[in-house]
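The values are calculated or read from the model by the stated rules, or taken from the named source; none is laboratory data. Nothing here was measured: the structure is a model prediction, and the numbers come from that model. Note: ideal-geometry Cβ built from the backbone for every residue, glycine included; neighbour counts use all protein chains shown. Surface areas here come from the heavy atoms of the whole protein model, side chains and all, with no ligands, DNA or RNA. Shrake-Rupley method; radii C 1.70, N 1.55, O 1.52, S 1.80 Å.
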Amino acid sequence: SPPPGEKFSRYSWPVVSPDGGRILFGVAAPPSGGPPRLWMYRISSGESAPFQNLPYNDAWWAPDSGSIAIPGGNTISRVDMTGVRSDVLRENVSDFAWGPSGSYFFGIAEKGLFWVEKGAARKPVTVQKPGEGLHQMPEFLPGGKSFLFQKRQTTAMETWLATMDGKDPKLLLSKATQAFFAPPDYLLYVDGGSLLAQRFDAGRGTLIGDARTLVGGVA
């Protein structure tokens, strides 16, 4: 249930921490005006409370559940669970995703995806060519040498495989929603209203056999 006297924000999704202990969610803007606000629900106690009085439309948990990244304007800020806030980026960022040990991906429209190791300079890992859709939603694959990302085309979301050395990426799926890696060796994606699973050799970057329908009628 929403907190007493509050309503859930319809502009944001709840996001669960990787350790399963907390849920970030948005409450609707107050009657006096302003943006939706960030709240945190602690699963162990069943209690909710505002978190740092931050506005909220989206957030990304770090893999260790110790901090979150929150977009706002042209800034993406990192906020530790202790409440310490530090700016991560001041760019026209089109996407953001955490990696291990404080590293992260970010995207810039018309440029591509970049990778930042903790304490190091940014490194371009994809190049958005003229006429291509945005490069978004990077997801690390086992081994840390390759990752999935999406090109948002006009009529479809394409799934591509790229390597951290910046070599030309490889098209995997051309008519599906965002594909997610499901350990140990599957991709899950929606196509034509059905949730599909297809074997995937992450080391070689190849799909194996035909996709299998898990459930139909998926919105």
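Of Leu187, Phe147, Pro124, which is farthest on the positive side of the dipole of the chain, counting Cα position, with +1 on Lys and Arg Cβ, -1 on Asp and Glu Cβ, and the Cα centre as origin?
Checked the options; the winner is Pro124.
How much space per residue, in cubic angstrom, does the convex hull of the C-alpha atoms of region 123-166 take up?
Numbers: hull volume 2.7 nm³, N = 44.
It comes to 62 Å³ per residue, whole-number rounded.
Could you tell me what percent of the accessible area of region 4-126 is made up of carbon and sulfur, with a 1.4 Å probe and every protein chain present?
Details: 3510 of 6800 Å².
Of the solvent-accessible surface of region 4-126, carbon and sulfur hold 52 percent.
Any idea of the accessible area per residue across the chain, 1.4 Å probe, to the nearest Å²?
Working: 12240 Å² over 219 residues.
For the chain, the solvent-accessible area averages 56 Å² per residue.
Using the Kirkwood radius over C-alpha pairs as Rh, can you work out the diffusion coefficient of the chain via Stokes-Einstein at 37 °C, viscosity 0.692 mPa s, in µm² per second? Spell out each step's value before the answer.
Numbers: Rh = 19.0 Å.
Calculated translational D: 173 µm²/s.
When the distances between all Cα atoms of region 26-154 are binned every 5 Å from zero, what whole-number percent does each bin get?
Per 5 Å bin, starting at zero, the Cα-Cα P(r) for region 26-154 comes out as 2, 9, 18, 20, 18, 14, 10, 6, 2, 0, 0 percent.
Sticking to Cα atoms, compute the Rg of region 1-67 to one decimal and its Dmax as the biggest Cα-Cα distance, whole number, in Å.
Both quantities, over Cα of region 1-67: 11.7, 36 Å.
Within straight cross-link reach of Lys175, meaning Cα distance under 25 Å, which lysines are found once same-chain residues fewer than 8 apart are removed?
Lys111, Lys129, Lys151, Lys167
I'd like the Karplus ³J(HN,Hα) series for region 64-81: coefficients 6.51, -1.76, 1.60, θ = phi - 60°, whole numbers in Hz, and an x wherever there's a Gly or Pro.
Running phi through 6.51 cos²θ - 1.76 cosθ + 1.60 with θ = phi - 60° gives 8, 6, x, 7, 10, 10, 10, x, x, x, 9, 10, 10, 9, 9, 10, 6, 5 Hz.
Roughly speaking, what is the stretch gain from Glu117 to Val215, that is 0.36 nm per residue apart minus the C-alpha to C-alpha distance, in nm to one decimal? Before the final figure, lay out each step's value.
Numbers: separation 98, 0.36 × 98 = 35.28 nm, distance 3.85 nm.
Gain on stretching Glu117 to Val215: 31.4 nm.
Calculate, for Glu91 and Asp19, the FRET efficiency according to 1/(1 + (r/R0)^6) with r their C-beta to C-beta distance and R0 30 Å; round to the nearest 0.05. The partial results should precede the final answer.
Working: r = 29 Å, r/R0 = 0.97.
Efficiency at R0 = 30 Å is approximately 0.55.
How far apart, in nm, are the 7 Å Cα→Cβ label points at Asn53 and Leu195?
4.1
For region 177-219 and region 1-65, what is the separation of their C-alpha centers, rounded to whole Å?
Using only Cα atoms to place each centre, the spacing works out to 31 Å.
Rounded, prolate or oblate, given the Cα gyration tensor of region 35-82, with a/c below 1.5 counting as rounded? All intermediate terms of the calculation are to be shown ahead of the outcome.
Values: a/c = 2.42, a/b = 1.34, b/c = 1.80.
Because a/c hits 1.5 or more and a/b fails to exceed b/c, region 35-82 counts as oblate.
For region 142-219, take the alpha-carbon Rg, divide it by the Kirkwood Rh, and send me Rg/Rh.
On the way: Rg = 12.5 Å, Rh = 12.9 Å.
Reported Rg/Rh (Cα atoms, Kirkwood Rh): 0.96.
Distance in nm between label sites at Glu6 and Asp64, each 7 Å beyond Cα in the beta-carbon direction?
Taking the simple label geometry, Glu6 and Asp64 are separated by 2.7 nm.
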